[in-house]
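Chemist: Pasting a structure below so you can have a look.
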Ligand SMILES: [Cu+2]
C-alpha cells in the first residue's frame, strides 16, 4: 500500500519533469528560429539620388532589397560585377540580391554613376571557421 503510493508519486514527478522539459525545448527552438529569420533581410532605399544607408553591414545569407523612392529611374550595378545588376528601377520598384559570400561589395547607379554605396557581408553568426 505504502510502496504503490510512493511509486505513483515518483511516476507523477517523472511525467511532470518530462512535460516541463518538452516546453523548454519548444521555447528554445522557436527562439532560435526567430533569430535566424530576423537576420535574413535588409533594405536600402534610393532617395534624392542617394543610397540610404550608404554602407549596409549584413550577415552572410542576407537578402538585400533596394527600393527606388525617387521619381526618376535608377539601376544597381556592382563594381567589377561582383553581383548581378538590376534592371532599371522605376518609382517604387525594388531589386533584391542575396549575399552568401563575406566581403565588401561596392556598387553604383549605372544611370548616375556618382551614386555609390557599399554592402559589407560578414560571416554568419555561429561560424568560427578560420580561413
Ligand atoms: Cu540613379
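The values are calculated or read from the model by the stated rules, or taken from the named source; none is laboratory data. Given the structure is predicted, the values throughout are model-derived calculations rather than measurements. Using ideal geometry, Cβ is built from the backbone for each residue, glycine included, and neighbour counts are taken over all protein chains shown.
Chemist: Yes or no: the range 114-127 includes at least one residue that is touching a strand residue (DSSP E or B) at 6+ places or on another chain (Cβ under 7 Å), in a loop (DSSP other than H, G, I, E, B), farther than 17 Å from residue 41 by Cβ and in the same structural domain as residue 48 (by TED's automatic domain parsing).
Modeler: So far as the range 114-127 goes, yes, one or more of its residues are touching a strand residue (DSSP E or B) at 6+ places or on another chain (Cβ under 7 Å), in a loop (DSSP other than H, G, I, E, B), farther than 17 Å from residue 41 by Cβ and in the same structural domain as residue 48 (by TED's automatic domain parsing).
Chemist: When you check residue 53 against the structure, is it touching a strand residue (DSSP E or B) at 6+ places or on another chain (Cβ under 8 Å), within 11 Å of the ligand (Cβ to nearest atom) and modelled with pLDDT of 95 or more, yes or no? Break it down stepwise before answering.
Modeler: Details: touching a strand residue (DSSP E or B) at 6+ places or on another chain (Cβ under 8 Å): yes; within 11 Å of the ligand (Cβ to nearest atom): no; modelled with pLDDT of 95 or more: yes.
Here the answer is no, as residue 53 does not meet what is asked.
Chemist: Quick one: in the range 64-85, of everything that is away from the ligand (no atom under 16 Å from the Cβ) and part of a strand (DSSP E or B), which residue is surrounded by the most Cβ atoms within 10 Å (Cβ to Cβ)?
Modeler: 64
Chemist: If we keep just the residues of the range 100-131 that are under 19 Å from residue 56 (Cα atoms) and at pLDDT below 95, which is farthest from the ligand (Cβ to nearest atom)?
Modeler: Among residues in the range 100-131 that are under 19 Å from residue 56 (Cα atoms) and at pLDDT below 95, the one farthest from the ligand (Cβ to nearest atom) is 125.
Chemist: Of the conditions (1) crowded, with 18+ Cβ neighbours inside 10 Å; (2) within 13 Å of the ligand (Cβ to nearest atom), residue 88 clears all except one; give me its number.
Modeler: So the condition that residue 88 fails would be (1).
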